[in-house]
Amino acid sequence: MSDILFTNARVFDASGAQPFDGEVLIQGNRITQVRRGKGEATRSAGVRVINAAGAFLMPGMTEAHTHFAWNDQPSLAAIQMMPPEEHALWCVRVAKRYLDMGWTSCVGAAAAKPRLDVVIRNAINDGTIVGPRYLAASQEITVPGGLGDTTQPHLPQPEFAFGAIVSGPHEMRRCVRMFAKYGVDTLKINLSGESITGMSSEASQFTEEEITVCVQEAKAWGKRVAAHARSTWSIKQCVKQGIEVIYHASFADEEALDLLEQHKLEHFIAPGLAWLINTCFNADQYGLTREVTQKMGYHRELECAIESMKAMRKRGIRILPGGDYGFAWTPHGTNAKDLEYFVKHVGMSPMEALLSATAWGGPMMKMGKQLGYIREGCLADILLIDGDPLADVTVLQDKNRILAVMKDGKFHRAPPVRAARTATRWAA
Ligand SMILES: [Zn+2]
């Protein structure tokens with residue numbers, strides 16, 4: 001693998017500083033030199049020079065709440081009823097789509113079948129398939145009758161369930177151990193309802209005792225816990241019980257906000273606003289009219305979620321993009337809409353939105369500061385963007401504007417240039 005030198009780039013290093021003109025050298029899978037100015041950097045023989053022609057060079061993005069197994073269909077049943085063979089192939093295709101769209105890291109937030117996420121992560125890591133860096137999740141752990149229990153009374157077999165259904169501490173412990181045996185990185189537990197499935201988003205499931213067992217057992221195996229937590233009680237449980245990743249957190253009251261602020265470096269919030277916004281306003285053709293979603297309570301929830309996120313932002317709590325893409329009205333690959341929503345609804349500046357997708361990606365991926373920055377020594381996950389996301393964050397939604405995607409020092413998509421001399425758009 002030859003070294004790569006990006007010249008003439010507008011470098012966004014994710015430190016929080018404004019971008020600067022500069023050059024970035026990649027050796028192996030690491031960034032080894034970041035140099036300001038348009039002059040000539042040290043060039044060793046054999047280095048491949050890519051003239052970025054002023055393009056915006058930024059770290060690859062991290063999606064904090066990914067479900068490869070969701071299959072862009074209008075219902076949970078359509079996901080669950082997909083046979084395992086087709087389902088695995090579907091996940092292979094989706095994994096590539098994330099990389100295509102600049103998401104070089106994704107955090108699995110539950111698989112629809114017990115081993116799907118693990119198998120896909122392993123296949124990415126051993127080079128069998130193409131995809132982002134990935135943390136694999138369990139199925140959603142739920143209670144009988146709760147979010148994720150899609151079995152019918154006359155068909156109680158677990159194969160018919162979307163989630164892993166447990167009742168009581170004993171079954172919880174067994175379930176966590178089973179997923180640990182399969183090799184997941186994350187245990188996903190559903191602590192609140194989800195109105196579209198019939199159980200209100202403001203309702204909570206599981207006892208404190210069951211949650212404690214889940215967290216204790218997961219930690220004993222060195223695993224992380226992530227929770228579906230829309231209700232007020234469930235958000236507080238996440239903080240009290242040390243559940244690191246909190247999905248949704250819509251109904252955060254003052255006490256929940258205080259708790260989160262006191263423990264802000266121990267948690268990540270991924271609200272998944274895209275699901276709420278598009279379910280409320282863009283899913284008419286799937287029967288989710290304004291009237292229907294109003295009745296389900298999603299309009300009220302959206303208002304509460306926006307207020308919660310605004311308050312969290314002000315308190316410096318980490319809010320990350322990602323969340324439940326993979327339904328018909330929120331297809332995979334459109335995930336950068338989250339950044340637009342952060343700016344539009346949560347009050348983030350485009351800079352804050354970009355940092356939430358980059359600088360916080362390292363700890364979210366459990367990789368500390370070696371990921372998510374354009375900095376010497378960091379892993380070379382790099383995007384070249386045609387445009388300035390700090391002026392218009394929506395450019396990240398357009399595949400044609402994402403000129404290049406590099407993961408771990410290798411191009412997934414090289415910029416459209418044959419050779420420095422014959423290039424048109426990229427000629428110096
Ligand atoms: Zn989810």
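If you build a Gaussian network model of the chain, linking Cα atoms that sit under 10 Å apart, which residue out of G168, G127, G322 swings the most?
With Cα springs under 10 Å in the chain, the top fluctuation among G168, G127, G322 is at G127.
Using packing as a proxy for protection, rank 129-135, 194-200, 375-381, 217-223 so that the peptide with the highest average count of other Cβ atoms within 10 Å comes first. Walk me through the numbers on the way to the answer.
Working: 129-135: 22.9, 194-200: 18.3, 375-381: 20.4, 217-223: 16.1.
Per-residue mean Cβ counts within 10 Å order the peptides as 129-135, 375-381, 194-200, 217-223.
Tell me what the chain gives for mean residue ellipticity at 222 nm when only DSSP H runs of n ≥ 4 count, each as -39,500 (n - 2.57), the sum divided by the residue total, rounded to 500 deg cm²/dmol.
Here the helix-only value at 222 nm equals -9000 deg cm²/dmol.
Determine the alpha carbon to alpha carbon distance for each of K366/K399; K369/K410; K314/K407; K188/K369; K96/K337; K188/K410 and list only those over 23 Å.
Cα-Cα > 23 Å for K366/K399; K314/K407; K188/K369; K188/K410; rest within.
Please check: in the Gaussian network model of the chain (C-alpha springs, under 10 Å), which one of P321, P363, P156 has the largest mean-square fluctuation.
With Cα springs under 10 Å in the chain, the top fluctuation among P321, P363, P156 is at P156.
Could you check which residue among S138, S15, S356 shows the biggest mean-square fluctuation in a GNM of the chain with a 10 Å Cα cutoff?
Of S138, S15, S356, the Gaussian network model singles out S15 as fluctuating most.
Could you point to the residue in S349, M365, W329 farthest towards the positive end of segment 324-387's charge dipole, with +1 and -1 charges on the Cβ of Lys/Arg and Asp/Glu respectively?
Among S349, M365, W329, the one farthest towards the positive end of the dipole of segment 324-387 is M365.
What GluC sites (Glu not before Pro) does segment 5-84 have in DSSP loop regions with at most 11 other beta carbons within 10 Å?
Answer by residue number: E40.
So if I take the centroid of the Cα atoms in segment 317-378 and the same for segment 1-74, what is the distance between those two points in Å?
Value for the Cα centre distance between the two parts: 17 Å.
Two decimals, Cα atoms only, Kirkwood Rh: what is Rg/Rh over the chain?
0.98
For the pair E85 and E209, how long in nm is the line joining their label points, each one 7 Å along Cα→Cβ?
Result for the modelled spin labels: 4.5 nm.
Label R315 and T394 with points 7 Å out from Cα along Cα→Cβ: what is the distance between them in nm?
The answer from the label model is 3.2 nm.
For segment 207-324, just list the percent of Cα-Cα distances falling in each 10 Å bin from zero outward, please.
All Cα pairs considered, the percentages come to 14, 42, 29, 13, 1.
Read-outs throughout are calculated quantities, based only on the coordinates presented, and are distinct from any laboratory measurement. Everything numeric here is computed off the predicted structure, so don't read it as measured data. Cβ: placed from backbone, ideal geometry, glycine included. Neighbour counts: every protein chain shown.
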